Structures are given as structure tokens and as C-alpha cells.
Amino acid sequence: MRRIALVLTLLLAAAPAHATGSGLRWNECEGPSNRSFACDRSTGSEVLVGSFQSPASNDLVGIDVYFRFTTAEGAVPAWWHMWDAGDCRRNSSSLSVDMSTETECEDPWLGQATGLYMPHSFDARGLDLRMVIAVPEQAIQRIAADRTYAAFRLTINHARSSGAAKCAGCEQPVCIVIEQMNLAMRDKRDVELTTGRPAPGGPGNIATWQGGTPSCGAGAPKSSTWSELKKRYK
């Protein structure tokens with residue numbers, strides 16, 4: 001936890017360079033942008049795979065990722081409430097930073113990373129989620145410019161998707177957007193990735209559930225600046 005806190009300090013304090021290049025797809029690094037599920041069973045799971053491209057070579061200490069989940073109606077339904085006591089599907093998600101099984105994108109962590117994630121808020125505009133991943137000093141790897149790296153695997157299981165005790169909203173279309181990914185570099189020349197890397201199926205930083213919404217953001221205005229994002233995550 002101490003090294004995670006250190007990385008967070010670096011991410012928030014250092015003056016970053018600006019570039020583009022985050023990615024979010026289902027099942028694998030270059031997988032489909034949309035996932036449809038019949039919501040007819042409570043077994044099995046889905047996996048969101050995050051990735052990135054850096055505009056320059058550097059030594060990567062860690063990443064800080066800001067997600068936004070939205071629906072056309074605004075509020076995200078109970079099926080996506082998975083983190084806090086009393087949530088309909090508490091403990092129905094898990095984070096892995098073991099990227100050794102990814103064959104389409106390179107592994108920047110080599111089994112040495114630690115990751116955590118936490119929801120910031122559920123409200124009428126949607127859901128904010130933040131993720132932090134870091135490696136200890138002795139395990140820092142050098143990443144190359146314009147190469148695609150796999151960053152994380154977020155598993156979402158099907159628990160309570162069917163049956164008398166099912167959680168409402170599995171069938172509802174949802175858009176999941178990486179609004180910003182910050183790459184923390186050892187020399188503190190950090191990089192903000194604010195748009196999607198090139199990918200088939202639409203913007204690389206957007207994944208959809210059940211087809212998504214027509215505008216992939218209806219019901220929740222997207223933050224356009226780093227300062228606005230920090231205000232949301234206070």
C-alpha cells in the first residue's frame with residue numbers, strides 16, 4: 001500500500017505531457033468493443049481488458065485510470081452495484097494485473113504489479129470508478145513508444161443475473177469509458193492519455209454492454225479537463 005500511495009502522489013503532483021492512447025475491450029486486448037449477454041444465468045463471467053500506447057519510451061512506474069459508466073437514463077442500475085456493503089452484487093468483480101495470458105499486447109508488469117480499484121460515486125449521472133496499478137522500484141520496466149501494452153483485467157461475474165433474487169438492470173445498455181489514463185514515469189515526465197488508441201469497433205477507450213447508448217455518454221456530461229476530474233474524485 002505504501003508504494004501505491006507514493007505512485008498516487010507522483011501522478012497528482014508531476015506536470016504531465018499530453019498524448020492519446022488508452023484502450024478498453026472485452027475478453028482480450030484486441031477483443032470486441034461490445035458484449036451482449038442474455039442475463040439468463042448466474043454462472044460465468046465477463047472480462048474487460050485495459051491497454052495503452054505511450055507516445056515516448058520511458059520507465060513505467062504505474063498507471064492511474066479514471067472510468068465512467070453511463071446509461072441513457074443516467075443512473076447505473078443495481079446490477080452494476082458491486083463494491084460496497086449493501087450493494088446488490090457486492091464482490092461480483094475482481095481486478096487482475098497478471099497480463100501473462102495476453103498474446104495481442106505486451107506485458108508491462110511481468111508479474112510484479114499491485115493494483116486496486118474503488119468506486120467513487122453512484123449518482124443520477126452514472127458511476128465513477130478509479131484504478132491504480134504500480135510496480136516496486138526494482139521491477140520497473142522500460143516501455144517503448146507506440147507499442148500496445150496490456151494494463152489490467154477487470155472480471156465481472158454473472159452472479160444474481162437470473163432467478164427470483166436477480167439484481168435489476170443486467171439487460172440495460174451501458175457505456176464504459178476510460179476518461180483518462182495517467183502513465184507515471186520514473187523521471188516524472190508523466191503522460192495523460194485522454195482519448196482512445198486506434199482500435200476496431202469505434203473509439204478504443206469505450207466498451208459497451210448490451211449495445212451501449214446511441215451517444216455513449218447520454219445522461220452524464222464528460223469531464224474535459226484534469227481539474228474537473230480531480231473535483232469529481234475528491
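The values are calculated or read from the model by the stated rules, or taken from the named source; none is laboratory data. Computed from a predicted structure; not experimentally measured. We place every Cβ from the backbone using ideal geometry, glycine too, and count neighbours over all the protein chains shown.
Can you list the strands (runs of 3 or more DSSP E) lying wholly within region 1-68 that have 3 or more residues being among the aliphatic types (A, V, I, L, M) and modelled with pLDDT of 95 or more?
45-53
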I'd like to verify a number: residues in region 113-128 that are surrounded by fewer than 21 Cβ atoms within 10 Å (Cβ to Cβ) and hydrophobic (A, V, I, L, M, F, W, C), how many?
4
Please go through region 76-112 and give me each residue that is buried (at least 20 other Cβ atoms within 10 Å of the Cβ) and basic (K, R), ordered by number.
R89
Can you say whether A72 is of a type in the set (G, A, S), surrounded by fewer than 20 Cβ atoms within 10 Å (Cβ to Cβ) and more than 20 Å from S33 (Cα to Cα), as far as the supplied structure shows?
no
So which residues in region 69-94 are among the hydroxyl-bearing types (S, T, Y) and in a loop (DSSP other than H, G, I, E, B), if there are any at all?
S92
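To keep it simple, each residue is scored yes or no on (1) closer than 18 Å to P119 by Cα; (2) modelled with pLDDT of 80 or more.
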{"position": "M181", "(1), (2)": "yes, yes"}
{"position": "D190", "(1), (2)": "no, yes"}
{"position": "L193", "(1), (2)": "no, yes"}
{"position": "P203", "(1), (2)": "no, yes"}
{"position": "G212", "(1), (2)": "no, yes"}
{"position": "A220", "(1), (2)": "yes, no"}
{"position": "S223", "(1), (2)": "yes, no"}
{"position": "E228", "(1), (2)": "yes, no"}
{"position": "Y233", "(1), (2)": "yes, no"}
Tally the residues that are surrounded by fewer than 20 Cβ atoms within 10 Å (Cβ to Cβ) and either under 17 Å from the mean Cα position of the chain (by Cα) or of a type outside the set (D, E) (or both), restricting the search to region 180-191.
3
Within region 113-126, of all residues that are in contact (Cβ under 8 Å) with a residue 60 or more places away in the chain and within 16 Å of S93 (Cα to Cα), the one farthest from the chain's Cα centre (by Cα) is H120
